[in-house]
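Reviewing the structure listed below.
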Amino acid sequence: MTAVEAAGEPVEERPVWQHIAAAVAAEDVEALFGVIGLGNMQLAVHLASEYGVAYYPARHESGAISMADGYARATGRPGVCTVTAGPGLTNALTSLLEARRSATPLVLLAGQSAVDNPADNQYLEQERLLRSVDIDVEGYDGAAGIPGTIARTFSRARRERRPVVVNLPLDLQHTVVALPPEAQAPQSTGTTQAPADESVQALAALLSRARNPIVLAGRGAVVSGARSVLEELADRVGALLMTSGPAKGFFSGNPFSIGVAGGFSTRRALQHVEQADLVLCFGASLNPWQTQHGKLFPPNARLVHVDTDPDAIDRHLKADLGIVGDVSAVAAAVVKELAGRGVRHTGMRTEARTADLRAFGAADEWADASREQDLDPRTLTARLDAMLPAARTVASGDGICFGWSILGLSVPDEQGWLMMYGFQSLGHALGAAIGAAVGRPDRLAVATLGDGGLMMALSELDTAVRVGRPLVVIVYNDSAYGAEVFHLTHHFGGLPTDLVRFPDVDFAATARALGCQAVTVRKEADLEAVRRWLEAPSGTLLIDAKVTPEVWADWMFS
């Protein structure tokens, strides 16, 4: 910022793209991810050279968005990305939808062809396209309005927890204007939504009578920062704790946590859930994945659903009691009401159940199905979980292998788990792990993906090498689109699977050619090379794990 800007006087005339850079820098942006083209090159270069914003170039726009997405989830700060016009934006769409479905705060600065030049090869009605897939676009009134829009865009991304796009037409970017310093929009996270008194009293009454309650926390609980107050509530009424898939890690370390709810619940967890007479859902959607299509909870269990969005309540499952309000505010009010009533129960925390949880944790046992040429994916995951440092960020996606990682890899907290599966599309985990490595260098970044997903993001191995942060890429390589093999075999009458099977690819050799370190794993002894790398981790290590195909888990049938 110049002395004239600091004094609050009008700045000198300069191109709008320079004003935009100043507005972005004013948001304390530390990292910018992207792919540079004609529509954004001056902006990106100026942010890096004049404002010291670290720029991380991806090889593909989809990877760039995933990097910004992973950075945001791992740090809690908005991810910031830039792409060029037309194909730059269309290449980014799938990853944008992943961020949208996963409620990631993200700002995309998208170049755009000049508004008066529809003959341009890269011309596209970008706003119309984005809105058609539920991606929000922040508008402005002419060239002079663009810089002031930036602060509003960042504020919305933080407050609404969604990607917000600013389209930047080239002709407007190059317009020379003089602007007074824009008043920055307040960086509000929204006001706390307090629950109605009668709702709190109704919930307290249910808890007073319940003897086997379960607390289920979702993304809304994470956003609210509600762990401590939910644990206080659970302690008072003797509840066991669960999370939705995206909130995995939220109760890490709590001895009464029984893992993830729904299709990824372990058999041991289900034995406890079957005894529930009251389920308290805080900020989770209760979608079919989270509830095993409505069959997870006993039919006679009462259901309470707390959410800031009134439309979320009863959307998937009918609640006996719906409460609109912030998770922390509702939980704190109920704890206070219960204390006033003198309510404190042992609930689900009997000596026998506590001993069972302590002895076995949340994991299931399995009969190892490893063969001479490949390794059971459950065994692989368990061995890697024991080897990887506790301070880790795991970015996971991609079909069947996602199930092994969500069940078998532990994380220190909810920011250590990046569930890149909101849109159920392949190829996002690698970029997200790179973004996490940038944002949280204090933790080892880990990407888990299948061979199909890696093929879709293979170019970003080069990005990982250039970024240079320690990163582990675990490839569950079954030489197939494993989920499609399963569905063709079990859900479609045993149809042939040859169209979704592929020759075995030597990903280790490919990774080495791109500058990674790599190891091929076919048996447990091969993991010794991983252990040695972990003694002094540096650069990118790719583990090409040849896993036993057609090891089907319970969740695949749910």
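Observations, loosely collected:
- Calculated mean residue ellipticity, 222 nm, the chain: -11000 deg cm²/dmol, from DSSP H runs (n ≥ 4) at -39500 (n - 2.57) each, averaged per residue and rounded to 500.
- Loop-located GluC sites (Glu not before Pro) across the stretch 504-558 with a Cβ neighbour count of 15 or fewer within 10 Å are 550, with loop assigned by DSSP.
- Charge dipole (debye, nearest 20) of the stretch 391-502; +1 at Cβ of Lys and Arg, -1 at Cβ of Asp and Glu: 280
- Considering all different alpha carbon pairs of the stretch 197-360, the Kirkwood hydrodynamic radius works out to 15.3 Å.
- Tail weight of P(r) past 26 Å, computed on alpha-carbon pairs of the stretch 340-493, percent: 37
- By the count of other C-beta atoms within 10 Å, a proxy for reagent exposure, 282, 492 are ordered fewest to most as 492, 282.
- Set of lysines near residue 318 by C-alpha distance (under 17 Å), chain-local residues within fewer than 8 positions excluded: 295
- DSSP beta bridges in the chain [antiparallel fraction, %, rounded to 5]: 5
- Distance between the stretch 136-183 and the stretch 472-537 - C-alpha centres, whole angstrom: 43
- Gap separating the Cα centres of the stretch 26-40 and the stretch 368-446, nearest whole Å: 28
- Dipole magnitude for the stretch 3-177: computed about the Cα centre from +1 point charges on Lys and Arg Cβ and -1 point charges on Asp and Glu Cβ, it is near 800 debye.
- Net charge in the neighbourhood of residue 96 (other residues with Cβ under 11 Å of its Cβ; Lys, Arg +1, Asp, Glu -1) is -2.
- By the beta-carbon count within 10 Å of each Cβ, the least crowded to most crowded order of 551, 177, fewest first, is 177, 551.
- Cα centroids of the stretch 295-329 and the stretch 228-243: 16 Å apart.
- Pair-distance profile P(r), taking every C-alpha pair of the stretch 249-338, with 5 angstrom steps and integer %: 3, 13, 22, 25, 22, 13, 3
- Distance between modelled label sites at residue 201 and residue 13, nm, 7 Å Cα→Cβ extension: 6.9
- DSSP finds beta bridges in the stretch 377-557, and of those with both partners inside it, around 5 percent are antiparallel.
- On the principal axes of its alpha carbon atoms, the chain extends 74, 63, 47 Å, with the longest extent given first.
Where a number appears in this text, it was derived from the coordinates with a stated rule and is not lab data. Bear in mind the structure is a predicted one, so any value in this text is a computation, not a measurement. All Cβ positions, glycine included, derive from the backbone under ideal geometry; neighbour counts span all protein chains shown.
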